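For reference, the structure discussed in these notes is given below.
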Amino acid sequence: MAAETIARMTQSEFKEMLETVVEATVERTLLEMLGDPDEGLEIRSDVRDRLLRQRQDVSAGQHGQPFDDVVRQMGL
């Protein structure tokens, strides 16, 4: 079944899927090797509040600025 699904993918879809799998594998391997550098640390209340607001915004369909726009604005 999986082979049929892959066979129907465009080259772009296959590349995207492969990149996602590779990224996840690398991240998992690094976490296994190095551990979570933030483990045991407390998160500041202002950072926690900002992350919660951001999650609510994303859930409501709001997104930040595109990366390229930010880079341009910062002159990078």
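What follows is calculated from the coordinates using simple rules that are stated; it is not laboratory data. Note that this is a predicted model, so its numbers are computed, not measured. Note that each Cβ is placed from the backbone with ideal geometry, even for glycine, and that neighbours are counted across all protein chains shown.
Taking every pair of alpha-carbon atoms in the chain, what share in percent sits in each 10 Å bin, from 0 to the bin with the longest distance?
It works out to 14, 18, 38, 24, 6, in whole percents.
Loop only by DSSP, 16 or fewer other Cβ within 10 Å of the Cβ. Give me the trypsin sites (Lys or Arg not before Pro) in region 8-48 that pass, ordered by residue number.
Sparse-neighbourhood loop trypsin sites (Lys or Arg not before Pro): Arg44.
So which GluC sites (Glu not before Pro) in region 13-76 end up in coil per DSSP with only 13 or fewer other C-beta atoms within 10 Å?
Glu39, Glu42
Label-point separation (nm) for Met17 and Arg53, each offset 7 Å from Cα along Cα-to-Cβ?
In this crude label model, Met17 to Arg53 measures out at 4.0 nm.
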